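Here the structure comes first, spelled out in structure tokens, and everything after it is commentary.
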Amino acid sequence: MPAKTSARSSKSLYDVHPGIAAVQDWVSGLKTKTGRSLDEWLREIRKNGPRDLKALREWLKTKHMLGTNSTWWLADRADGKGTDDEDPAEYLNAAAGFVDKMYAGPKSALRPIHDALMKLGRSLARDVRICPCQTIVPFYRNHVIAQIKPTTRTRIDFGLALAKHKGKLPARLIDTGGLAKKDRITHRFELTSKNEIDAEVKKCLKIAYELDGK
């Protein structure tokens, strides 16, 4: 099993998602918590478990008294899925594909905005990690501080975690309602050109970064 890491591959534009470490912790602790390692569970499932995925989850839950997360993860592993949630190299390979797919077709004109925001994030501090998901690209410090989301064919929403900020914010910054919903992202800039990534955007990203260090 690869060592836990938050480092970025020299060949990748992106960083390993924090969730990878959580899955690796689950795998490494499985023997202690359940009496079987991942490989031992997979052998048991292949020998005695139901072939149907839904039935397999129920079998793991009722016969082996496993919790919901372990039930789903083991069933997915047995079905040959979910390895990009555990292997940093597989995640980074998938991450590049996530981003390419986001900007395929009609949203391709938004890619320069994405790339400019990536450059901005990288210039902010060395501990900023950029970890794509399938529909958004979050920036992390200790937690998510910002996210890139290609929302329409003509607009990227650049979301920011500003719940703890007490000062005045730019008038063009839109309240997402995230504070009331207890979401990390509470405000967003609507960007239709990379030229709109101005001093206000840079200042607010820096504020979100600094807030997450407190």
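The values are calculated or read from the model by the stated rules, or taken from the named source; none is laboratory data. Because the structure is predicted, anything quoted here is derived from the model rather than measured. Backbone-built Cβ (ideal geometry, glycine too); neighbour counts: all protein chains shown.
Overview of values
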read-out: In region 35-75, residue farthest from Val23 (Cα to Cα) [restricted to those that are crowded, with 17+ Cβ neighbours inside 10 Å and of a type in the set (Ser, Thr, Tyr)]; value: Thr71
read-out: Matching residues in region 122-152 - criterion: being touching a helix residue (DSSP H, G or I) at 6+ places or on another chain (Cβ under 8 Å), surrounded by fewer than 20 Cβ atoms within 10 Å (Cβ to Cβ) and small (Gly, Ala, Ser); value: Ala125
read-out: Yes/no for Gly97 being without any contact (Cβ under 8 Å) to a residue 40 or more places away in the chain and not assigned by TED's automatic domain parsing to the domain that holds Arg172; value: yes
read-out: Which listed residue, of Asp198, Asp157, is of a type in the set (D, E, K, R), free of Cβ contacts under 8 Å to residues at least 60 places away in the same chain and touching a Ser or Thr at 6+ places or on another chain (Cβ under 6 Å); value: Asp157
read-out: Residue in region 155-170 that is charged (D, E, K, R), at positive phi and surrounded by fewer than 21 Cβ atoms within 10 Å (Cβ to Cβ) present; value: no
read-out: Test: residue in region 85-96 that is closer than 27 Å to Cys133 by Cβ, part of a helix (DSSP H, G or I) and at pLDDT 90 or above; value: yes
read-out: Pairs, first more than 15 Å from Leu205 (Cβ to Cβ) and assigned by TED's automatic domain parsing to the domain that holds His187 in region 121-149, second buried (at least 16 other Cβ atoms within 10 Å of the Cβ) and of a type in the set (Gly, Ala, Ser), C-beta under 6 Å, six or more apart; value: Pro132/Ala95
read-out: Test: Thr176 is buried (at least 21 other Cβ atoms within 10 Å of the Cβ), under 21 Å from the mean Cα position of the chain (by Cα), at pLDDT 95 or above and more than 13 Å from His114 (Cα to Cα); value: no
read-out: Those residues of region 76-86 which are surrounded by 17 or more Cβ atoms within 10 Å (Cβ to Cβ) and farther than 19 Å from Asp25 by Cβ, in sequence order; value: Ala78
read-out: Pick from region 179-195, criterion over 19 Å from the mean Cα position of the chain (by Cα) and in contact (Cβ under 8 Å) with a residue 12 or more places away in the chain, ranking: farthest from Arg122 (Cα to Cα); value: Leu179
